[in-house]
Amino acid sequence: MTDAVAPSAIRAPARLLPRVQVAPWLYLLPTLAVLFVWIYLPLFQSFQLSFTQWNMLPTKTPKPVGWANYRNLLALPELRQAALNTVWYVVGLLPLSVVIPLAVAILTQDLTGRLRNLYRALIFIPMIVPPIVAAVLWRWLLNEDYGLVNHIIAGLGFPTVKFFQNPDIALWTMVWITGWKLMGFSTLLLSAANGTIDPGYLEAARMDGANRWQITRDIRLPLLSPTILLLVMMTVLFGAQWSFVYINAITDGGPMGATTNIFFLMWKYGFQTFSAGWSATAGIMTFVTFGLLALLFLGLSRKVAFHDN
Amino acid sequence: MLRRTFLATGVAAVALTALAPALRAEMAAGITAPVTISFYSYNLASAGLNNDTTMGLINDFMAENPLIKVEPIGAPSNEILSRVQADIVAGQEPDLAQLVFRDLIYAADDLGAEALEDLAGDELAAHAEGMVPSGLDLGRVDGKTYGLAYTFSTPVMFINADIFREAGLDPKNPPKTWAEVKEAGMAIQQKTDKYGFFPGAFGPIDGTFVYQSIVMSNGGIVREGNTLTFADQPAADAVAMLRDLRDSGAYAEIDPASHMDTFAAGKLGMFLFTSAVQNRFIKAADGKFELEVAAMPSFGDKPTAPTNSGSALFLLSKDPVKQRAAWELMKFLTSKHAYTQITSKIGYLPLRLDIVDDPQYLKPWVDAHPMIQPNLEQLTRLTPNMAFAGPNYRQVENMMKDAATEAVLGDEDPYEVLRRAQVQAQALMPADG
Amino acid sequence: MTTRSRATTVATHGAMILLVLTAVVPVYWMIVTAFRPEIEIFSLRLLPQQPTLENFAFVLTAIPMLKMLGNTFVMAAATALAQILTGLFAAYALTCWRFPGGKVVQSLIALSWLVPFQVTMIPNYVLSTKLGLLNTTTGLVLPNAAAAFAVLVLVNAMKSFPRQVIEAARMDDAGHWRILWEIIVPNLRPAIASLGVLAFISAWNEYFWPLLLIRKIEDSVVQIGLQMFMTQEGNQWGPLMAAATLASLPVFGLYLVLHRQVIDSFMKSGLK
């Protein structure tokens, strides 16, 4: 649809500036300047550093090591466990960051105004809690010995749950905390998108005798698909990274590596050793992997965006 | 968290322009013109008494030395090294820094901390008089003092007397050996719905000093020179003993990230951890349960070898006048006056034991707070905590910690787990020695 | 109303109430703990037996909390505003013009989002030191003055903006500046409001960058203040929760105000 706008929009400046268009670049300048100076420049420096062994201190000099940093990091035995855990983080987060918020956005659409706003406002609340506070709050609430959740579980007659100590449960606990914080954000985005759907479409469909489910399936979901895709993409690209704060504040990757994802592993091995080369390497590898994934998604999103024409 | 991220990447040019002057300049004899120095401290990043007491000391110092202005910079203890390192990289030149002992060798080798003997030989000797000698030893690398021992604590056994009584034990006669700990722990586990014993040695909260204390109390050691020995006989036996505690049920399988809260909530009978949290526990227990403090348990009749948690002061300044100012501040912060404040208000140990009996200084407070006694008594047997050397020292320490955790809490043979980790970690140690 | 739709409504309310409880209980715990005296900290009662303000009093005396809240507010507001402005310009350029390099630029902007902050922090600190930005709000805001997220959200919003309206404006010979400000921006209010809220919150929760850049505690931000109640030697739960409550209030207030705006904007766009 960019194409649909472009011809008419281009005409005026094209008359003034025949060949190179200055105007779009002027509009882009502030963003590009900030991103170049504060993100891409340091990224480039990292790229150079990833081929050296250095702790950045003036007392030592950088030692060129070729691809050794990359080989060392890839050879880490824990890498497989962490990579698998990363996949579980993403899979576990999708229901919390996409499915439930989507349901909330659509279900609350038909409720009366005041209650709907109240529900949405309340679900958004976790978003305003500082992440570090969310981490300590949940560590407390889920504690086996003095936490409210286990108190309730025990009160209902069930055995208490070792949310953080049991290696089979700990990862899902971390997923839950990350997702709890995200639900409000996703709900806000989806509600905003849902709210911009032209009621005319819905009215027309209703006149044609479509029921709620049909309207949802045939009108709302397709119209919401760009936002849904955006959320899925964000969860895949950033979900594991968002968990970082909580892993770091609560489990430190344990018990026995069960909650370590790729970001935490790289951080632990790459950055704990005070080696600028290793951590730069970790950063570059992370960037490239997720960058490729992102390009894949961008391609996909073009398709989906085309679909709603 | 920053500790690692700081190294993430860098601008070589800036770091290179910050290269230290080639020749060592002599420290100035005195301060003749106004000078400003920076002081990096993690106590400043902790709201309440820690910050207030430290700021109070800085203000006292500035009042006594009107020409010196101190710029206080706080960062959490697990991030302060990265903070200092980032400022060195950015050319901000920190002058004085409070760093933990695990970073000792790194500070000496890489951060360019000054050896105090070279800088202030005679003055150092005079100042050190009256300080606990084994405390001073802790800041030495290859015979020279790079870190002047500052805030300090040793592991002590915190006891919930109410739980003891509930289990039919006598809180006035707490376990002295590990065998007694096991017995008491099992009694608590069987007769109450509370937990027996937990050592604050594992998990996300730094407890390496507790682990090392247990190992060394059994005659073990985690490294000799650059050869790792934590999987060798006496050291591994100590870990196997903890595993036995765990298998017996005396050991509390609680969330290691909240062990302090579990104890404060009155759910844990015995907790071996740094005496630095004593004041906090006294407050938390008030009105809830009766708190007792005992010395750390021993292996049979072998004397215990308590090592320390805590920090030393490192002089990083390269400018002769700032070096003098920083040295004066260092002396002030480790003076009788300062330790009186630090012990009575924050709760660290006084490294000048003569003030304990001095009515002018700490005596009134010590008389009013008998719980400090086991801790003071342990000071006499203080054993240096082993820091690791080389660029991978933090990773080596982590591997050792992870292995010990797995040996105690996992199902595999503890000796085998430790041995495997030792082989892996040895590859990351510096080759020499 | 049929029984079936009534049952659906009841089920909807039930599900919503459950979700709301999950979202609210931890926050309730935070607030209620802020009012607990030390002796009741680990109590499982839903209300403190002897509620106290001592935690709040402690927070206000132990750290310059109000000053920090002020600093954080200025920093977060400036960051949100900057991200909206740079985002609007960039999104307009990317949706309303077709020019060589446009696609590449959009991808570059999107990819910048994926650069881990660990990679950029030290070089940015070195640069800020050189530029004299230590201890300044400018230094806190500048590296976050543009964000891929803002650009992408606004591009998305502008794409779904009816093209006929823009074309009509162009017929009237309206300039790009006027089209952006007088036609597009008023119609993107829901998106801009949501974006503003999110940018504000994320800036408000920033911890690492202020920790590095700000050397004086009274120039610092609330996240640093919160961290001062959490140490390796244990958390001071009461004060921590009091500080966290204080730190969350402004954001919550802002959200409540803007949430209404967002809803209002829905209504308006519904009239078209």
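Cut-off under 16 Å on the C-alpha distance; same-chain residues fewer than 8 positions from C:Lys159 excluded. Which lysines are left, in chain and number order?
The qualifying lysines are A:Lys303, C:Lys103.
At each listed q (0.09, 0.13, 0.14 Å⁻¹), what is the log10 of I(q)/I(0) that the Debye formula gives for chain C modelled as equal alpha-carbon point scatterers?
So the normalised log intensities are -0.60, -1.04, -1.12.
Among C:Val24, C:Val251, which comes first, second and so on when ranked by fewest other beta-carbon atoms within 10 Å?
Details: C:Val24 14, C:Val251 22.
Fewest-to-most Cβ neighbours within 10 Å comes out as C:Val24, C:Val251.
Name the shape class, rounded, prolate or oblate, that the alpha-carbon gyration tensor gives for segment B:276-433, where a ≥ b ≥ c are the square roots of its eigenvalues, rounded holds for a/c under 1.5, and otherwise prolate holds if a/b is larger than b/c and oblate otherwise.
Working: a/c = 2.48, a/b = 1.27, b/c = 1.95.
Oblate, since a/c reaches 1.5 and b/c is not below a/b.
Based on other C-beta atoms within 10 Å, arrange B:Met27, B:Met296 from fewest to most.
B:Met27, B:Met296
Over segment C:94-243, what is the relative contact order in percent, taking alpha-carbon pairs closer than 8 angstrom and at least six residues apart? Write out the running numbers ahead of the final one.
On the way: 72 pairs, mean separation 38.3, N = 150.
Value for segment C:94-243: 26 percent.
Can you list the HN-Hα couplings for segment C:214-229, worked out from phi with the Karplus curve (6.51, -1.76, 1.60; θ = phi - 60°), rounded to whole Hz and with x for Gly and Pro?
With the stated coefficients, segment C:214-229 comes to 9, 9, 9, 4, 6, 9, 8, 10, 5, 4, 5, x, 4, 4, 5, 9 Hz.
What does the charge count around B:Leu111 come to, taking other residues whose C-beta lies under 11 Å from its C-beta (Lys +1, Arg +1, Asp -1, Glu -1)?
Numbers: positive: A:Lys60; negative: B:Asp87, B:Asp103, B:Asp109, B:Asp110, B:Glu114.
Summing Lys/Arg as +1 and Asp/Glu as -1 gives -4.
What residue among A:Leu76, A:Leu189, A:Leu137 shows peak mean-square fluctuation when chain A is described by a Gaussian network model with Cα springs under 10 Å?
Between A:Leu76, A:Leu189, A:Leu137, it is A:Leu76 that shows the largest mean-square fluctuation.
For B:Lys288, which lysines qualify as cross-link partners when the Cα separation must be under 17 Å and same-chain residues fewer than eight apart are set aside?
B:Lys194, B:Lys267
Below 11 angstrom from the Cβ of A:Asp145, what's the summed charge of the other residues (Lys, Arg +1; Asp, Glu -1)? All intermediate terms of the calculation are to be shown ahead of the outcome.
Details: positive: A:Lys162, B:Lys194, B:Lys267; negative: A:Glu144, B:Asp193, B:Glu253, B:Asp255, B:Asp261.
In short, -2.
B:Phe289 versus A:Ile153, label points 7 Å from Cα toward the beta carbon: distance in nm?
Between B:Phe289 and A:Ile153, the simple spin-label model gives 2.1 nm.
What ranking do B:Phe388, A:Phe185, C:Phe58 get, fewest neighbouring Cβ atoms within 10 angstrom at the top? Intermediate values should be presented prior to the final figure.
On the way: B:Phe388 24, A:Phe185 21, C:Phe58 18.
By the 10 Å Cβ count, ascending, the order reads C:Phe58, A:Phe185, B:Phe388.
Need one word for segment A:67-307: rounded, prolate or oblate. Basis is the Cα gyration tensor (sqrt eigenvalues a ≥ b ≥ c); a/c below 1.5 gives rounded, then a/b vs b/c decides. Intermediate results must be reported in sequence, preceding the final value.
On the way: a/c = 2.73, a/b = 1.40, b/c = 1.96.
The shape class here is oblate.
Whole-Hz Karplus ³J(HN,Hα) for segment B:117-122, in order, using 6.51 cos²θ - 1.76 cosθ + 1.60 and θ = phi - 60°, x for Gly and Pro?
Once θ is set to phi - 60°, the couplings for segment B:117-122 become 4, 5, 7, 9, x, 5 Hz.
In terms of modelled amide H atoms, which long-range or inter-chain residues lie less than 5 Å from the amide H of B:Ala149?
B:Gly139, B:Leu313
So, R0 is 45 Å and r is the distance between the beta-carbons of A:Leu41 and B:Gln190; what FRET efficiency does that work out to, to 0.05?
Working: r = 64 Å, r/R0 = 1.42.
Step by step, r from the Cβ atoms, then E = 0.10.
So in segment B:128-281, what percent of DSSP beta bridges are antiparallel if you round to the nearest 5? Each step should come with its number before you reach the end.
Working: 9 of 14 bridges.
In segment B:128-281, approximately 65 percent of DSSP beta bridges are antiparallel ones.
Tell me the relative contact order for chain B as a rounded percent, counting alpha carbon contacts under 8 Å between residues six or more apart.
Working: 806 pairs, mean separation 99.0, N = 433.
Relative contact order for chain B comes out at 23 percent.
Cut-off under 28 Å on the C-alpha distance; same-chain residues fewer than 8 positions from B:Lys363 excluded. Which lysines are left, in chain and number order?
Within the straight-line cut-off, B:Lys363 pairs with B:Lys172, B:Lys176, B:Lys283, B:Lys331, B:Lys336, B:Lys345.
Applying the Karplus parametrisation 6.51 cos²θ - 1.76 cosθ + 1.60 with θ = phi - 60° to the phi angles of segment B:36-51, what ³J(HN,Hα) value in whole Hz is obtained for each residue in order, glycine and proline being reported as x?
10, 10, 9, 10, 9, 9, 7, 5, 6, 9, 10, 4, x, 4, 4, 5
Could you identify which residue out of B:Leu138, B:Leu313, B:Leu124 has the top mean-square fluctuation in a GNM of chain B using Cα springs shorter than 10 Å?
B:Leu124
Throughout, read-outs are computed from the coordinates displayed, never taken from laboratory work. Bear in mind the structure is a predicted one, so any value in this text is a computation, not a measurement. In this analysis, Cβ positions are derived from the backbone assuming ideal geometry, glycine residues included, and neighbour counts consider all displayed protein chains.
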